[in-house]
Amino acid sequence: MTVMPPTGTLIPADAPFSAQQESWLAGFIAGIAAAGRQDSTGTDAPAATIDVLIGTQTGNAELVADDIVAGARARGLGGRATALDDVTPEALAAMSHVIVVTSTYGEGEMPDNAGLFWEALQSDTSPRLEGVRYSVLGLGDRGYDDFCQAAKLIDTRLEQLGATRLHERVDCDVDFEEPAGQWTTAVLDLVAAETGAKCTGAAEAPKKPRSQWNRRTPYRSRLTTNRLLSAPHSAKEIRHYEFDLGDSGITYEAGDALAVVPLNDPALVGELLTHLGASGDDEAAEALRTEREIRIPSKELIADLVERAPASELASVVAHGDRSDLDSWLWGRDLLDLLRDAGSKAPSLAELLPFLRPLQARQYSISSSPLAHPGSIHLTVASVRYDRYEGVASTYLADRVGADSTVGIHLQPNASFSVPADDDSPVIMIGPGTGIAPFRGFLHERAARGASGRNWLFFGDQHRETDFVYEDELAELQKRGVLTELDLAFSRDQAEKIYVQTRMRERSRELYAWLEEGAHFYVCGDASRMAKDVETALLGIIAEQRGRGEDDAAEYLADLRRAKRYVRDVY
């Protein structure tokens, strides 16, 4: 006999569902029940419910999803937003109208909260979706080869499984707000017309009040602290910054990111203008200073220069057709270098401007806690310097923001990367180099909250003598009992290089025991190598400690992802 749970969810207690699946099903059933109750009282039920499925790395897709849900409800439609990884293919097959909003991470990969969904959707056992009507919105950056690749893959796969496309996919560049808004209006109007929905006339407010400060209208903050953390003879230059929030009303949580709006180096702008034979006092010159990206050449500019100067060194590299060769050649070169390479065939300033991308804010993980550092936001930033090539924002902060000047900033919330709500939960943090930034904030946050959960940090860099940033702070946190375990990996202090993943493997038994006790596992830092190496090490540790093979370890890690206990902030 089937035993029914006392919760009233109608899901049998012995049903083979994960906690995440049961939660989704319970909400789905409750929604049906609520709709039935509305009908019985004479109130109009939604003509259709739109499921907005989100794939996000930095939170922009969540903002768009909030707008879609609000717009749906204003049109008499139901709307609910769910992370892609919280949806199984079977649950997807039961939906009628689906909108996918997703960014792309790394080299055309799914964002962290969409990987499990994509893996399941690709499976040969994924159900057919003939009853699903859908549309996809991609958020990305045209500067990357795999622009909006995650959106393209999902769009194609849904079609392959028999779903019907409501509206053509739109792929948005970094200035996504306007095209995303137009696409949202078109899709929602289409669904409302098809279903006969009755407009309610009022959209509900977003789940979270939005700050008046954003990419278009940043807050001008006073930089109160600019302190060198690394030793003067280090191979790196790592700095600690503190921004005064003043009367901005900006509120943040440990784990969020801060976007810094830079200005281009006046010296480089001057060199460009001189090379182009242009005046420094006209509108085009001002655009070079404040509005256009002049360090990293766009793909469109590269193509134009190759066409203009087919005998140039750049044209020769491009002709080989190897993207990695082109990336290597471009490393350490900026716009001025490419113009010089083109020689007399280089474009004029007026011809050049349309090929220059907008100057974008740079995002950095916040390294402070609002409880421990009220009224300010701290950042931990490595200054990028390579011969005459310099990072735009990192050297802007390090060299060109004076004591009496201000910096444009705005918050970039990261709801998926935050301190556990349960103060008793253990926390494991992997943060080499500047990846320590959010974990400094986590530790101060947990200390301020009086959290009883244990905290374990893995940190490393090249040399202990020159690169052990926040050493005194970490020692104090250990002394106070906030930092329970600290494992250090300074790769070049011995003949054999040692990294954080080396230390993880050395303590595999204890690390797995923490996971079994409910620990949350966080990773912050380099995506191209470190994060992948850490995940490989983690999978190996799980497989070794459980003794059930690689497939079991992969499923164990997938369960951690579903439970939001394995999360990453990588770049």
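Table for the structure above
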item: The one condition in (1) in contact with a His (Cβ under 6 Å, 6 or more places away or on another chain); (2) open to solvent by 10 Å² or more (accessible area, probe 1.4 Å); (3) hydroxyl-bearing (Ser, Thr, Tyr) that TYR386 fails to fulfil; result: (1)
item: Leading residue by the ranking (modelled with the highest pLDDT) among those in region 528-541 that are among the small types (Gly, Ala, Ser) and open to solvent by 10 Å² or more (accessible area, probe 1.4 Å); result: GLY540
item: Members of region 117-138 found to be touching a Leu at 6+ places or on another chain (Cβ under 8 Å) and part of a helix (DSSP H, G or I), listed by number; result: PHE117, TRP118, LEU121
item: Some residue of region 281-290 being modelled with pLDDT of 95 or more and of a type in the set (D, E, K, R); result: no
item: In region 513-545, the residues that are over 27 Å from the mean Cα position of the chain (by Cα) and in a helix (DSSP H, G or I); result: ALA513, GLU516, ALA543, GLU544, GLN545
item: Residues within region 146-163 that are exposed (fewer than 14 other Cβ atoms within 10 Å of the Cβ) and either in contact with an Asp or Glu (Cβ under 8 Å, 6 or more places away or on another chain) or of a type in the set (A, V, I, L, M) (or both), tallied; result: 1
item: Which listed residue, of ARG133, ARG128, ARG142, is closer than 25 Å to ASP189 by Cα, touching a residue at least 12 places away in the same chain (Cβ under 8 Å) and open to solvent by 30 Å² or more (accessible area, probe 1.4 Å); result: ARG133
item: Single residue of region 194-223 satisfying the filter (modelled with pLDDT of 95 or more and open to solvent by 70 Å² or more (accessible area, probe 1.4 Å)) that is nearest to ARG80 (Cα to Cα); result: ARG220
item: Residue within region 353-364 that is in contact (Cβ under 8 Å) with a residue 24 or more places away in the chain, in a helix (DSSP H, G or I), open to solvent by less than 70 Å² (accessible area, probe 1.4 Å) and out of contact with any helix residue (DSSP H, G or I) (no Cβ under 7 Å at 6 or more places or on another chain) present; result: no
item: Lone unmet requirement of (1) in contact with a Pro (Cβ under 7 Å, 6 or more places away or on another chain); (2) modelled with pLDDT under 95; (3) of a type in the set (Asp, Glu) for GLU107; result: (1)
item: Sole exception among (1) in a loop (DSSP other than H, G, I, E, B); (2) at pLDDT 95 or above for ASN226, by number; result: (1)
item: Identity of the residue in region 173-192, out of contact with any His (no Cβ under 9 Å at 6 or more places or on another chain), more than 16 Å from THR49 (Cβ to Cβ) and of a type in the set (A, V, I, L, M), that ends up modelled with the lowest pLDDT; result: VAL174
item: Tally of residues being open to solvent by 20 Å² or more (accessible area, probe 1.4 Å) and part of a helix (DSSP H, G or I) across region 279-316; result: 14
item: Failed condition for ARG561, given (1) assigned to a loop (DSSP other than H, G, I, E, B); (2) buried (at least 17 other Cβ atoms within 10 Å of the Cβ); result: (1)
item: Residues of region 392-425 that turn out to be within 28 Å of TYR522 (Cα to Cα) and open to solvent by less than 10 Å² (accessible area, probe 1.4 Å), as a count; result: 6
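The values are calculated or read from the model by the stated rules, or taken from the named source; none is laboratory data. Since this is a predicted model, take the numbers as computed values, not measurements. Virtual Cβ from ideal backbone geometry, glycine too; neighbours counted across all protein chains shown. Surface areas here come from the heavy atoms of the whole protein model, side chains and all, with no ligands, DNA or RNA. Shrake-Rupley method; radii C 1.70, N 1.55, O 1.52, S 1.80 Å.
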